[in-house]
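Student: Sharing a structure with you now.
The values are calculated or read from the model by the stated rules, or taken from the named source; none is laboratory data. Values in this document were obtained by computation on a predicted structure and should not be read as measured data. Glycine also receives a Cβ, built like all others from the backbone with ideal geometry; neighbour counts cover every protein chain displayed.
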Amino acid sequence: MGNNIVIISDTTAITNLYKIGKLQHIKWLFANIIIPKSVLSELLELEKNGRNIDEIKKADWITVASVNDTDLLAQLLTELDLGEAESIALAKEKSADYLIIDEKKGRNIANSLNIKTIGIVGILIQLKHQKKIPAIKPDLELLREKAGFWLNEKLYRIILASENE
């Protein structure tokens, strides 16, 4: 997608791709991403739960930033958790090209603020179209089995059919 674009990420995509050993998928699509401090805290929770997150800690393509728009943040916190709220506020603040977020409510709120969103499925589809991965089904299966990624069965079949898989 290009290297000079601003990408903000919520926790979920990073966590889920990390859990299946495919964290590099985000880097393949976006050379750099920015996460708010609360997302870093949520990622560090993985370590407290016994996971080795050195790959995330050493990822020089992930930058941490603070949210300055406390009014927007306070408004978002009435409906979302801290990680989602900070991610959306940071995306708005930095005029991000994309916000990586999977949760429906967060995506809807981001879209209402004119923030373009992409989730794990969108990332996989883009990688396939760029020929960086041969298919999306193997990664979707891993996400469902190892990361507990939930995807409506009908939607899952529609996605695979649209990608001729």
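The rows are residues; the columns are (1) among the β-branched types (Val, Ile, Thr); (2) farther than 19 Å from residue 9 by Cβ; (3) in contact with a strand residue (DSSP E or B) (Cβ under 7 Å, 6 or more places away or on another chain).
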{"residue": "78", "(1), (2), (3)": "yes, yes, no"}
{"residue": "91", "(1), (2), (3)": "no, no, yes"}
{"residue": "144", "(1), (2), (3)": "no, yes, no"}
{"residue": "154", "(1), (2), (3)": "no, yes, no"}
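Student: Taking the condition of being surrounded by fewer than 17 Cβ atoms within 10 Å (Cβ to Cβ) and either of a type in the set (Asp, Glu) or touching a residue at least 60 places away in the same chain (Cβ under 8 Å) (or both), how many residues in the range 149-165 meet it?
Tutor: The number of residues fulfilling the criteria is 3.
Student: What are the residues in the range 111-137 that are farther than 14 Å from residue 25 by Cα, in contact with a Lys or Arg (Cβ under 8 Å, 6 or more places away or on another chain) and not hydroxyl-bearing (Ser, Thr, Tyr), if any?
Tutor: 113, 115
Student: Continuing with this model, one more query. Within the range 68-109, how many residues are more than 19 Å from residue 26 (Cα to Cα) and touching a Lys or Arg at 6+ places or on another chain (Cβ under 8 Å)?
Tutor: So the answer is 5.
Student: Right, next: Please state which of the following conditions residue 64 fails to meet, knowing it meets all the rest: (1) assigned to a strand (DSSP E or B); (2) over 23 Å from residue 16 (Cβ atoms).
Tutor: (2)
Student: Looking at (1) assigned to a loop (DSSP other than H, G, I, E, B); (2) closer than 19 Å to residue 143 by Cα; (3) in contact with a strand residue (DSSP E or B) (Cβ under 7 Å, 6 or more places away or on another chain), which is the one condition that is false for residue 22?
Tutor: Going through the list (1) assigned to a loop (DSSP other than H, G, I, E, B); (2) closer than 19 Å to residue 143 by Cα; (3) in contact with a strand residue (DSSP E or B) (Cβ under 7 Å, 6 or more places away or on another chain), residue 22 breaks only (3).
Student: While we're looking at this one, here's another question. Scan the range 102-148 residue by residue and report those that are in a loop (DSSP other than H, G, I, E, B), in contact (Cβ under 8 Å) with a residue 24 or more places away in the chain and among the polar types (S, T, N, Q).
Tutor: Across the range 102-148, the qualifying residue is only 130.
Student: Assess whether residue 13 counts as being modelled with pLDDT under 95, under 23 Å from residue 112 (Cα atoms), crowded, with 22+ Cβ neighbours inside 10 Å and not acidic (Asp, Glu).
Tutor: yes
Student: Name the single residue that is surrounded by the most Cβ atoms within 10 Å (Cβ to Cβ) among those in the range 30-48 being free of Cβ contacts under 8 Å to residues at least 60 places away in the same chain and over 18 Å from residue 83 (Cα atoms).
Tutor: So the residue we want is 32.
Student: For the range 81-101, give me the residue count where each residue is surrounded by 22 or more Cβ atoms within 10 Å (Cβ to Cβ) and part of a loop (DSSP other than H, G, I, E, B).
Tutor: Total meeting the criteria: 2.
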